[in-house]
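> I am attaching a structure below and will ask some questions about it afterwards.
The values are calculated or read from the model by the stated rules, or taken from the named source; none is laboratory data. Computed from a predicted structure; not experimentally measured. All Cβ positions, even for glycine, are placed from backbone atoms using ideal geometry, and neighbour counts span all protein chains on display.
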Amino acid sequence: MKVVKNYLWNVSYQIFVIIVPMITMPYISRVLGPHGVGVNSFTNSIVQYFVLFGGLGLGLYGNREIAYVRDDKRQLSKEFWELLILRTVTMTSALVIYIIMAYNWREYRGFLFIQSIQIIAAIIDISWFFMGIENFRITVLRNLLVKSISVICIFLFVKSRNDTGVYIAILALSTLFGNLTVFPYLKTYITRIPYNSISLLRHLKPSIYLFIPQIAIQIYVVLNKTMLGQMVSVDAAGFYDSSDKIIRLVLAIVTGTGTVLLPHIANQFIKGHLEQVRETFTISFQFVTLISLPIAFGLAAISSKFVYLFLGGSFEIVGLLLQIEAIAGVFIAWDNALGQQYLLPTGQTSRYTIAVVTGALVNIFFNVPFILFWKTVGSMWATVLSEVAVTLVMLFYVRQKIKIASLYHEFWKIFVACSVMFLSVSKLDSFLKTSWLSLCIEVAYGAVIYLLAILVFKPKIIQDFKNFVNARKF
């Protein structure tokens, strides 16, 4: 039941994360204006590169390594201190380089200095430890507290277009404060260890192996916007970014299973429970399909109305982009399951890296001709192809230990249920006027249609999941 509870904690937080931007984005866009929002986005994108390179993949690596040794308190303490010290060294180095860079960037110097708090916050971020021991309650409650405080502060202190620096400071300081609040919980799990037993360098090579795929992911996520901005227009890049953010935000409910299951499966694997690893992953993959498919189909059905209400009439093309990226959304969910729920926790980092790098290369290869012929729509199709490529490569590797047919058992039932839901909602959408009430009705209607279809088809995953939970294997 522990994993189920962790998943529910994580899902609760992901739903909260979806709601918060709907509250703050309309307010911030009107108060700060396009320039203020742009300054925050631009300077934050720069600091995130330093957080990424300073982290060297130690967050994901630390999650897995802590899961491997969590049953041995002495070894757990040793791993924690080694990883924390190494992360402090690498992130501090990144901070020094960042400060030098910011000092020499006159136009945005003040904003960049405020953003440096994000790097300090990353230095003391130990969420990877609590994820590794599968205590998601602490990290979720911390994040809920931080987000709530930041929302209140935004409405209290961001009042005019001159408050861009205040807005950036609120976001950065809330993250720093949140990371500090979890340290008191460490005393339950960690003890002191002899200084001479610490070995930092042994973690460097494997963490860098996990760092490489993170860079590859960043390349093909950021490159699309860069190429669109250069080859089409900045507006085109903005349209793509808006669609991508919506898809990934909504799918966070599904991809959160990867965050929860990585340490759980890693712990099973290190104990040699290989059959449990296969069974847990198979059930999880089918569950991801059961949830991600209706989300993608449903979002595609209401995309035009949702975009008009949420972003405004000038973002009309994003409705079409969402319909295309909904296809990619399903593969993103599968990529997450295959990578973070099987390849990474079972120590197959090199294969995970190959799959992600393949996706980046496919994206680069198709982006240029597709953008030239179809502009933003073309870039979105390149994204779909890249996600398909990642999934196929991962399935190629997974097939050696797990039967692919077992992952897609009775997939057709879920697909037909989603198709019925999509057609029903699309028909209703054409009759209802554009309003938030109509949108809520369509979402509720789609959910009911999908659930009824699932009850009719009765895919085996429903009973398998129930049995798995009741058996307390999950």
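> Among the residues of segment 91-108, how many are surrounded by 19 or more Cβ atoms within 10 Å (Cβ to Cβ) and among the hydroxyl-bearing types (Ser, Thr, Tyr)?
The number of residues fulfilling the criteria is 1.
> Can you pull out the residues in segment 156-209 that are aromatic (Phe, Trp, Tyr), surrounded by 14 or more Cβ atoms within 10 Å (Cβ to Cβ) and in a helix (DSSP H, G or I)?
To start, the set of residues in segment 156-209 that are aromatic (Phe, Trp, Tyr) comprises 157, 167, 177, 183, 185, 189, 195, 209.
Filter again for surrounded by 14 or more Cβ atoms within 10 Å (Cβ to Cβ), leaving 167, 177, 185, 189, 209.
Selection gives Tyr167, Phe177, Tyr185, Tyr209.
> Still on this structure: Quick test of your reading of the structure: Ile97 fulfils all but one of (1) touching a His at 6+ places or on another chain (Cβ under 9 Å); (2) in contact (Cβ under 8 Å) with a residue 24 or more places away in the chain. Name the failing condition by number.
It fails just one condition, (1).
> If Ile99 satisfies every condition in (1) touching a Ser or Thr at 6+ places or on another chain (Cβ under 7 Å); (2) closer than 18 Å to Gly178 by Cβ but one, which is the exception?
Every listed condition holds for Ile99 apart from (2).
> Yes or no: segment 319-342 includes at least one residue that is more than 26 Å from Leu290 (Cβ to Cβ), surrounded by fewer than 24 Cβ atoms within 10 Å (Cβ to Cβ), among the polar types (S, T, N, Q) and in contact (Cβ under 8 Å) with a residue 40 or more places away in the chain.
Within segment 319-342, none of the residues are more than 26 Å from Leu290 (Cβ to Cβ), surrounded by fewer than 24 Cβ atoms within 10 Å (Cβ to Cβ), among the polar types (S, T, N, Q) and in contact (Cβ under 8 Å) with a residue 40 or more places away in the chain.
> I would also like to ask the following. With respect to Asn367, determine if the residue is surrounded by 14 or more Cβ atoms within 10 Å (Cβ to Cβ), closer than 22 Å to Ile247 by Cα and touching a Phe, Trp or Tyr at 6+ places or on another chain (Cβ under 6 Å). Spell out the reasoning first.
Working: surrounded by 14 or more Cβ atoms within 10 Å (Cβ to Cβ): yes; closer than 22 Å to Ile247 by Cα: yes; touching a Phe, Trp or Tyr at 6+ places or on another chain (Cβ under 6 Å): no.
Answer is no for this residue.
> Which numbered condition in (1) touching an Asp or Glu at 6+ places or on another chain (Cβ under 6 Å); (2) at pLDDT below 90; (3) of a type in the set (Gly, Ala, Ser) is the only one that Gly347 fails?
Single failed check for Gly347: (1).
> Looking at this structure, is Thr289 of a type outside the set (Gly, Ala, Ser) and in a helix (DSSP H, G or I)? Spell out how you get there, then give the answer.
On the way: of a type outside the set (Gly, Ala, Ser): yes; in a helix (DSSP H, G or I): yes.
So Thr289 fits the description; yes.
> Suppose we keep only residues that are in contact with a helix residue (DSSP H, G or I) (Cβ under 7 Å, 6 or more places away or on another chain) and over 22 Å from Ser292 (Cα atoms) within segment 378-400. Which one would you say is surrounded by the fewest Cβ atoms within 10 Å (Cβ to Cβ)?
Per the stated criteria, the residue is Tyr397.
> How about segment 386-405: which of its residues are part of a loop (DSSP other than H, G, I, E, B) and touching a residue at least 24 places away in the same chain (Cβ under 8 Å)?
Those that are part of a loop (DSSP other than H, G, I, E, B) and touching a residue at least 24 places away in the same chain (Cβ under 8 Å): Lys401, Ile402.
> Scanning for something crowded, with 16+ Cβ neighbours inside 10 Å and modelled with pLDDT under 65, does segment 19-36 turn up at least one residue?
Within segment 19-36 (the criterion being crowded, with 16+ Cβ neighbours inside 10 Å and modelled with pLDDT under 65), the answer is no, since none of the residues qualifies.
> Still on this structure, please answer the following. For Met231, work out the one condition from (1) at pLDDT below 75; (2) surrounded by fewer than 17 Cβ atoms within 10 Å (Cβ to Cβ) it doesn't fulfil.
Of the numbered conditions (1) at pLDDT below 75; (2) surrounded by fewer than 17 Cβ atoms within 10 Å (Cβ to Cβ), the odd one out for Met231 is (1).
> Exactly one of (1) at pLDDT below 90; (2) surrounded by 21 or more Cβ atoms within 10 Å (Cβ to Cβ); (3) more than 23 Å from the chain's Cα centre (by Cα) is unmet by Phe111. Its number?
Unmet for Phe111, out of (1) at pLDDT below 90; (2) surrounded by 21 or more Cβ atoms within 10 Å (Cβ to Cβ); (3) more than 23 Å from the chain's Cα centre (by Cα): (1).
> Restricting to segment 121-132, name every residue that is part of a helix (DSSP H, G or I) and either modelled with pLDDT under 90 or surrounded by fewer than 17 Cβ atoms within 10 Å (Cβ to Cβ) (or both).
Ser127, Trp128, Phe129, Phe130, Met131, Gly132
> Only one of Ile302, Ile283 is over 20 Å from Leu432 (Cβ atoms), of a type in the set (Val, Ile, Thr) and either in contact (Cβ under 8 Å) with a residue 60 or more places away in the chain or assigned to a helix (DSSP H, G or I) (or both); which? Walk me through how you get there before you give the answer.
Values: Ile302 fails: over 20 Å from Leu432 (Cβ atoms).
On inspection, the qualifying residue turns out to be Ile283.
> Take segment 437-474 and flag every residue that is part of a helix (DSSP H, G or I), among the charged types (D, E, K, R) and at pLDDT 80 or above.
Within segment 437-474, Glu442, Lys460 meet the criteria.
> Going residue by residue through segment 271-280, is there one that turns out to be crowded, with 19+ Cβ neighbours inside 10 Å and touching a His at 6+ places or on another chain (Cβ under 8 Å)?
The answer is yes, given that some residue of segment 271-280 is crowded, with 19+ Cβ neighbours inside 10 Å and touching a His at 6+ places or on another chain (Cβ under 8 Å).
> Given the residues Ile414, Ile354, Ile371, which is the only one that is of a type outside the set (Ser, Thr, Tyr), touching a residue at least 12 places away in the same chain (Cβ under 8 Å), more than 20 Å from Ala337 (Cα to Cα) and outside any loop (DSSP other than H, G, I, E, B)?
Going through Ile414, Ile354, Ile371 in turn, just one is of a type outside the set (Ser, Thr, Tyr), touching a residue at least 12 places away in the same chain (Cβ under 8 Å), more than 20 Å from Ala337 (Cα to Cα) and outside any loop (DSSP other than H, G, I, E, B): Ile371.
Results for (1) part of a helix (DSSP H, G or I); (2) of a type outside the set (Gly, Ala, Ser); (3) free of Cβ contacts under 8 Å to residues at least 60 places away in the same chain; (4) within 19 Å of Pro213 (Cβ to Cβ), shown as yes or no for each residue.
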| residue | (1), (2), (3), (4) |
| --- | --- |
| Leu52 | yes, yes, no, yes |
| Gly62 | yes, no, no, yes |
| Glu65 | yes, yes, no, yes |
| Phe80 | yes, yes, no, no |
| Met91 | yes, yes, yes, no |
| Trp105 | no, yes, yes, no |
| Glu134 | no, yes, no, no |
| Arg137 | yes, yes, no, no |
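> Confirm whether Leu223 is aliphatic (A, V, I, L, M), under 24 Å from Val356 (Cβ atoms) and either within 25 Å of the chain's Cα centre (by Cα) or in a helix (DSSP H, G or I) (or both).
Working: aliphatic (A, V, I, L, M): yes; under 24 Å from Val356 (Cβ atoms): yes; either within 25 Å of the chain's Cα centre (by Cα) or in a helix (DSSP H, G or I) (or both): yes.
So Leu223 passes the test.
> So, one more: Assuming Ala67 fulfils every condition listed in (1) over 18 Å from Lys205 (Cβ atoms); (2) modelled with pLDDT under 90; (3) surrounded by fewer than 22 Cβ atoms within 10 Å (Cβ to Cβ) apart from one, which condition is it?
All conditions are met except number (3).
> Could you tell me whether Met101 is touching a Leu at 6+ places or on another chain (Cβ under 9 Å), modelled with pLDDT under 85, closer than 24 Å to Leu171 by Cβ and in a helix (DSSP H, G or I)? Give the derivation first.
Working: touching a Leu at 6+ places or on another chain (Cβ under 9 Å): yes; modelled with pLDDT under 85: no; closer than 24 Å to Leu171 by Cβ: yes; in a helix (DSSP H, G or I): yes.
When the stated conditions are applied, Met101 does not pass them.
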